[in-house]
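Read the structure below first, then the notes.
Bear in mind these aren't lab numbers, they're just calculated from the coordinates by the rules spelled out. Nothing here was measured: the structure is a model prediction, and the numbers come from that model. Cβ placement follows ideal geometry from the backbone for every residue including glycine, while neighbour counts extend to all protein chains displayed.
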Amino acid sequence: MKLAFVGGTGPEGLGLAMRFAKAGHEVAIGSRSKERGDEGAQKIAEAVPGAKASGGANADVVADADVVFLTFPYSGQQATLEALGPALDGKILCNVVAPLEFQQGVGAVALDVPGNSALQEAIAQLPKARVVSAFQNMSAEELQHLDRPIEADVLVCGRDAEAKQVVIGLANQIAGVRGIDAGGPSQSRYVEMMTSLLINLNRKHKTQSTIRIVGL
Ligand SMILES: NC(=O)c1ccc[n+]([C@@H]2O[C@H](COP(=O)([O-])OP(=O)(O)OC[C@H]3O[C@@H](n4cnc5c(N)ncnc54)[C@H](OP(=O)(O)O)[C@@H]3O)[C@@H](O)[C@H]2O)c1
């Protein structure tokens with residue numbers, strides 16, 4: 001598949017792109033600046049020998065993508081989706097965004113967002129796209145350690161059953177990872193909020209934590 005990463009120049013987009021390039025997919029790193037997108041693609045090529053990687057402006061990389069990953073901060077979600085607009089119609093989008101902020105003395109704090117979750121806001125904004133959410137609990141640092149598996153579950157939320165299966169299939173291609181259908185869009189809020197807890201656990205215990213659901 002051809003996978004595009006909007007905001008793919010950050011650690012999370014690069015980490016996911018490296019893992020999927022390693023699994024044999026073609027990856028395209030998007031940015032607000034074409035040059036930074038190209039630099040991102042270069043990082044993938046250096047990290048994954050033989051990777052099929054390209055870079056460019058966000059609008060360019062989504063054009064022929066089979067799946068588009070949204071890997072930018074929540075503060076940029078509304079404007080970025082508005083700018084891309086109809087280019088995303090009919091596409092499978094995987095929203096990785098976890099709305100949070102850092103507060104001094106507290107750490108990461110999950111944000112209460114008007115639409116209940118970043119996923120629900122994206123679905124409301126892009127009714128013709130096939131938006132699901134996933135990977136919000138997966139550390140960029142772990143993703144970029146390509147030599148070791150990640151013992152983790154990826155909870156996939158959304159209303160488009162077929163799109164969820166595509167993203168679950170992609171998650172399962174990362175060594176050690178299990179993709180799980182976690183239900184409809186309203187469930188995404190809990191997954192998104194968990195990211196703040198994980199960041200704070202990482203700081204406290206000086207590690208890279210993630211989640212594994214038992215009993216499934
Ligand atoms: N980092 C992690 O370990 C991690 C783990 C789980 C989930 N997440 C989630 O994944 C998303 C990406 O994380 P990240 O750490 O990679 O983020 P980041 O480094 O802060 O941002 C990623 C990229 O988004 C673009 N960007 C920044 N501000 C933007 C704005 N206002 N509008 C549009 N684009 C903007 C930038 O690319 P250009 O300047 O090149 O356009 C930046 O390189 C976040 O929503 C985060 O909550 C991160």
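List of remarks:
- Fraction of beta bridges assigned by DSSP in the chain that are antiparallel (%, nearest 5): 20 percent
- The alpha-carbon positions of the stretch 82-173 define a convex hull whose volume is 136 Å³ per residue.
- Share of pairwise Cα-Cα distances greater than 16 Å in the stretch 1-88 is 43 percent (whole percent).
- Alpha-carbon centroid distance for the pair the stretch 149-216 / the stretch 29-67, whole angstrom: 24 Å
- For the stretch 2-205, the spread of Cα positions along each principal axis, largest first, Å: 41, 40, 32
- Label-point gap, in nm, between Asp147 and Ala59 - each point 7 angstrom along Cα→Cβ: 4.3 nm
- When the Cα atoms of the stretch 139-216 are aligned to their principal axes, the ranges along those axes come out at 37, 27, 23 Å in descending order.
- Comparing His145, His25, His205 in a Gaussian network model of the chain, where Cα atoms under 10 Å apart are tied by springs, the biggest mean-square fluctuation is seen for His205.
- Sorted largest first, the spans of the alpha carbon positions of the stretch 70-117 along the three principal axes are 43, 19, 16 Å.
- Value of relative contact order over the chain, rounded to a whole percent, pairs C-alpha under 8 Å and six or more apart: 18 percent
- Residue order for Phe102, Phe20, Phe69, fewest other beta carbons within 10 angstrom first, comes to Phe102, Phe20, Phe69.
- When Val68, Val166 are sorted by how many other C-beta atoms sit within 10 angstrom of their C-beta, beginning with the fewest, the order is Val166, Val68.
- Here Ser33 and Glu82 are evaluated by their C-beta separation; at R0 = 30 Å the FRET efficiency comes out at 0.95.
- Debye, to nearest 20: dipole size of the chain, +1 on Lys, Arg Cβ, -1 on Asp, Glu Cβ: 320 debye
- Percent of beta bridges antiparallel (DSSP, the stretch 81-207, rounded to nearest 5): 40 percent
- Cut-off under 5 Å, modelled amide H: who pairs with Val131 long-range: Leu93
- Nearby aspartates and glutamates by direct alpha-carbon distance to Lys34 (threshold 14 angstrom, same-chain neighbours under 8 apart not counted): Asp60
- Virtual paramagnetic centre 7 Å along Cα→Cβ of Arg178, amide N under 18 Å, in the stretch 193-216: 210-216
- Members of Lys2/Lys206; Lys52/Lys91; Lys22/Lys91 lying beyond 25 Å, as alpha-carbon distances in this model show: Lys2/Lys206
- Under 18 Å from the Cα of Lys43 - aspartates and glutamates, other chains or at least 8 residues apart: Glu12, Glu26, Glu35, Glu141, Glu142, Asp147
- GNM top mover of Leu155, Leu100, Leu201 - the chain, alpha-carbon springs below 10 Å: Leu201
- Peptides 54-63, 112-121, 129-138, ordered by how many other C-beta atoms sit within 10 Å of their residues on average, highest first, read 129-138, 54-63, 112-121.
- Rounded to whole Hz, the Karplus (6.51, -1.76, 1.60) HN-Hα couplings of the stretch 116-131, x for glycine and proline: 5, 7, 4, 5, 4, 5, 5, 4, 5, 6, 10, x, 9, 8, 10, 8
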